[in-house]
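What follows is one structure encoded as structure tokens, with my remarks underneath.
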Amino acid sequence: MTDFSIGVDLGGTNLRIAAVSSDGELLEKVTLGTKVVLGRDHVINEMCDAIQRLSAKYSASGKFLGAGIGVPGIIDMPTGMLRKSANLPGWEEYPVRAEIERHLNARVVLENDANVAALGEQWLGAARGVPNMAVVTLGTGIGGGIVLGGKIWHGMNGMAGEFGHVTVEPEGWQCGCGSHGCAEQYASASAIMRMAREAIASGEARSFAQAATSDPEFGAKSIYNLAIQGDENARRIFRSFGRYLGILLADLVNVLNLDMFVIGGGVSSAWDAFAPNMFEELRERSLVYAATAPKDPLSAKSPEEEGASAQTESRGERKTVITRALLGSDAGLYGAARAPVLAG
Ligand SMILES: [Zn+2]
């Protein structure tokens with residue numbers, strides 16, 4: 001018998017669904033062509049059909065433990081409703097969890113996408129075996145999730161871990177949340193592009209202007225490519241990015257004193273361009289980090305090895321490990337599958 005659950009990633013343009021055994025083995029993963037733009041009811045129907053297909057298929061060999069759904073936005077856990085979601089217009093103030101439970105007649109857990117990504121990395125990724133950790137997801141914005149004792153720390157109603165809206169610059173750039181100077185205005189893909197546009201407008205960065213006209217997909221990745229080729233304007237952008245990410249992490253380390261902070265999301269692949277400044281700033285601003293930093297935080301070892309060796313570096317002396325995520329976009333799928341198991 002292999003008990004299993006189903007995880008759903010409702011994040012991007014496609015809908016991804018995975019059946020995962022209770023010991024973390026991927027049984028099947030499907031990507032539906034369902035377009036989120038076709039609207040809430042269409043998406044919910046297609047999602048429920050696919051969950052039912054998978055649960056029927058694997059119920060022959062094990063018990064279906066429920067479905068977890070990772071959604072981009074602020075969720076009210078007690079009611080199972082979305083309070084705010086930029087990517088899912090029309091889903092707010094609608095009983096999402098109750099509707100899906102009614103369709104499936106099974107336990108359904110609705111979670112913030114960054115929270116399930118944190119749970120996935122803790123269960124099967126970079127922080128496997130590390131009970132207390134947090135994930136900082138660097139994408140268009142910044143997401144965050146905290147796992148304590150192997151479970152998501154929800155706060156009062158599921159809104160904990162909004163790391164992207166921690167202030168890093170009191171009089172800084174306006175943020176979509178209504179505040180200004182938020183971390184995601186300084187250390188995200190959007191922030192990289194804002195800095196690139198500023199550099200183009202100032203007339204300083206001719207290499208950016210050239211890339212912008214010749215590359216139809218000119219974006220944060222193009223700036224990263226220029227940085228690793230030694231372009232000084234691009235390198236300056238990643239130094240600033242690393243510095244602000246370091247300020248955010250210093251606050252998180254000071255407050256939470258967790259064993260591990262995992263840096264995920266698409267922009268984390270630019271690690272070598274921003275990490276040196278990130279660690280420098282972190283060490284300067286966090287007395288907790290300075291007291292618990294591994295000897296060589298940037299060492300080239302794989303994140304899993306680094307985590308293990310840092311925790312055993314000196315017997316009894318625990319280290320704060322800051323490392324890259326391992327599961328990529330699957331972290332959220334695995335974490336979403338894990339959520340209903342923990343809730344039960
Ligand atoms: Zn904000």
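At-a-glance table
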quantity	calculated
Gly265 long-range amide H proximity, modeled H, under 5 Å	Leu138
Sites matching trypsin sites (Lys or Arg not before Pro) across segment 231-286 that sit in DSSP coil, with at most 15 neighbouring C-beta atoms within 10 Å	none
The chain - accessible surface per residue (Å², probe 1.4 Å)	45
Carbon + sulfur, % of accessible area of segment 1-138 - ligands and nucleic acids excluded, 1.4 Å	50
Cβ charges +1 (Lys, Arg) and -1 (Asp, Glu), total dipole of the chain, debye	260
Listed residues Gly328, Gly143, Gly242, most fluctuating in the chain (Gaussian network, C-alpha, under 10 Å)	Gly328
Length released on extending from Leu287 to Leu38, taking residue separation times 0.36 nm less the Cα-Cα span	84.7 nm
Net dipole in debye of segment 250-302 [+1 Lys, Arg Cβ; -1 Asp, Glu Cβ; about Cα centre; nearest 20]	120
GNM flexibility winner over the chain from Gly230, Gly68, Gly24 (Cα, springs under 10 Å)	Gly230
Centroid-to-centroid separation of segment 14-63 and segment 195-233 [C-alpha atoms, Å]	40
Equivalent ellipsoid semi-axes - Cα gyration tensor, the chain, angstrom	34, 25, 18
Pairwise label distance in nanometres, Glu280 with Leu298, each label 7 Å out on the Cα-Cβ vector	0.8
Dipole of segment 1-141, positive end: most advanced residue of Ala98, Val36, Met1 [Cβ charges, Cα centre]	Met1
Virtual paramagnetic centre 7 Å along Cα→Cβ of Arg102, amide N under 17 Å, in segment 29-44	40-44
The chain: most fluctuating residue of Val20, Val135, Val36 per GNM, C-alpha cutoff 10 Å	Val36
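The values are calculated or read from the model by the stated rules, or taken from the named source; none is laboratory data. All values derive from a computational prediction rather than experimental measurement. Every residue, glycine as well, gets a Cβ built from its backbone with ideal geometry; the counts of neighbours run over all protein chains shown. Each accessible area value is taken on the protein alone, full model and side chains, heavy atoms only, with ligands, DNA and RNA left out. Shrake-Rupley method; radii C 1.70, N 1.55, O 1.52, S 1.80 Å.
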